[in-house]
Amino acid sequence: AQQPGTPLSNHEYRQFFRSLQAAHHASSACHLRALYGCQNPLVRRLDEYENHGVIPKGPICSELPGMPFFPNFCAFAFYRCTMKRYFIKV
């Protein structure tokens, strides 16, 4: 069992994105995020699932060049959507 609030393992990410493998599916999830925001119940469920049931609070550390951290998970997820880098995890 993983600790709540931790990111998924590589295997779990493959499972999580299995239904979103095609870019248009991932794009659809991002479209929901852009339209309804991170507080939307469906978006929250996706974020919770991606993080073992708990959306991390506080800053999200990153190893991305020029982006050392994000203020919260919502900003990180929005960045992934904006940059169309759906499968990065840091």
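The values are calculated or read from the model by the stated rules, or taken from the named source; none is laboratory data. Being a predicted model, the structure only gives us computed values, none of them experimental. Please note: Cβ atoms are built from the backbone with ideal geometry, for glycine as well, and neighbour counts cover all protein chains shown. Heavy atoms of the whole protein, side chains included, go into the accessibility calculation; ligands, DNA and RNA do not. Shrake-Rupley method; radii C 1.70, N 1.55, O 1.52, S 1.80 Å.
Restricting attention to the stretch 1-14, the residues being exposed (fewer than 12 other Cβ atoms within 10 Å of the Cβ), in a helix (DSSP H, G or I) and at pLDDT below 85 number 0.
Taken together, the residues in the stretch 54-86 that are more than 20 Å from Gly5 (Cβ to Cβ) and in a loop (DSSP other than H, G, I, E, B) amount to 5. Of all residues in the stretch 49-90, exactly one satisfies the criterion of being among the acidic types (Asp, Glu) and closer than 21 Å to Ser27 by Cβ, namely Glu50. Pairing residues of the stretch 64-78 that are touching a residue at least 12 places away in the same chain (Cβ under 8 Å) with residues that are open to solvent by 60 Å² or more (accessible area, probe 1.4 Å), at Cβ distances under 7 Å and at least 6 apart in sequence or on separate chains, gives Leu64/Val90; Pro71/Pro59. Tell me which residues, restricted to the stretch 61-90, are of a type in the set (Gly, Ala, Ser), out of contact with any strand residue (DSSP E or B) (no Cβ under 7 Å at 6 or more places or on another chain) and surrounded by 14 or more Cβ atoms within 10 Å (Cβ to Cβ). Correct list: Ala75, Ala77.
Scanning the stretch 21-53 for residues that are at pLDDT below 85, more than 12 Å from the chain's Cα centre (by Cα) and outside any loop (DSSP other than H, G, I, E, B) yields a count of 5. A Cβ distance below 7 Å, combined with a sequence gap of six or more or placement on separate chains, defines the contacts here; from the stretch 20-44, residues that are hydroxyl-bearing (Ser, Thr, Tyr) reach residues that are open to solvent by less than 70 Å² (accessible area, probe 1.4 Å) and at pLDDT 90 or above in the pairs Tyr36/Val43. Is it the case that Gly58 is modelled with pLDDT of 80 or more, open to solvent by less than 80 Å² (accessible area, probe 1.4 Å) and within 14 Å of Cys74 (Cβ to Cβ)? Answer is yes for this residue.
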